[in-house]
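The values are calculated or read from the model by the stated rules, or taken from the named source; none is laboratory data. This is a predicted model, so every value here is computed, not measured. Heads up, the Cβs are rebuilt from the backbone with ideal geometry, glycines too, and the neighbour counts pull from every protein chain shown.
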Amino acid sequence: MNPKRIEAAMSEAQQAIAMLPDADAQARFQHLCATETDVVVVLDRLAEQSIADRLLAEMAMGRARRLEERGDVARDLIRRMLEALEIDKLERPTWTATVAEGPKAVIVEDENLVPQEFLRSSIDKNAIKRALKAGEDVPGAVLTNGMPVLRLLTR
């Protein structure tokens, strides 16, 4: 959407709303619709664009995940084939494959046997939030207002 069109629509709408200094939000919106300001059309188009872009992004992310999974399957198949052929390195004109030992990983078999020095603790912010919302005092913590959020729903 053209920024100049948005700016013009907002200017027109703000001038129309200035005529209703004591009106509530619903009355202001009804006045904007009744005076046929361009701001309602601009809002509709921006919302439609946002919804369409989000859906397109979700589809693209789904496609990207499927492509990554397909690539992972192919990589695993190449590794297994090279292992079966007992080839640890293969150089081709457009790619090189090397089968090497992977990084070491830790498997905790019994958490109760792990020494305290290897354990971590963290603050449970969800529990603090519940307590503060319930009116309880939590030393060292306060509840703050979040940033305004726009929710666009499709029907």
Number of the condition not met by A23 [criteria: (1) surrounded by 13 or more Cβ atoms within 10 Å (Cβ to Cβ); (2) in contact (Cβ under 8 Å) with a residue 12 or more places away in the chain; (3) of a type in the set (G, A, S)]: (2)
Unique match (being assigned to a helix (DSSP H, G or I), surrounded by 13 or more Cβ atoms within 10 Å (Cβ to Cβ), β-branched (V, I, T) and under 19 Å from the mean Cα position of the chain (by Cα)) among I17, I51: I51
Test set (1) touching a residue at least 12 places away in the same chain (Cβ under 8 Å); (2) touching a helix residue (DSSP H, G or I) at 6+ places or on another chain (Cβ under 9 Å); (3) of a type in the set (V, I, T) - V40 fails condition number: (1)
Residue, surrounded by the fewest Cβ atoms within 10 Å (Cβ to Cβ), within region 64-101, restricted to residues that are touching a residue at least 12 places away in the same chain (Cβ under 8 Å) and assigned to a helix (DSSP H, G or I): E83
Any hit, region 116-124, residues being of a type outside the set (D, E, K, R) and at pLDDT 90 or above: yes
Residue match in region 145-153 (condition: surrounded by 10 or more Cβ atoms within 10 Å (Cβ to Cβ) and within 21 Å of the chain's Cα centre (by Cα)): yes
Number of positions in region 108-155 that are of a type in the set (V, I, T) and in contact (Cβ under 8 Å) with a residue 12 or more places away in the chain: 2
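Every residue, every condition in (1) of a type in the set (D, E); (2) farther than 30 Å from D44 by Cβ, yes or no:
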residue: A74; (1), (2): no, yes
residue: L82; (1), (2): no, yes
residue: L85; (1), (2): no, yes
residue: E91; (1), (2): yes, yes
residue: I123; (1), (2): no, yes
residue: A134; (1), (2): no, yes
residue: P148; (1), (2): no, no
Residue in region 76-87 that is farther than 30 Å from I6 by Cβ and touching a helix residue (DSSP H, G or I) at 6+ places or on another chain (Cβ under 9 Å) present: yes
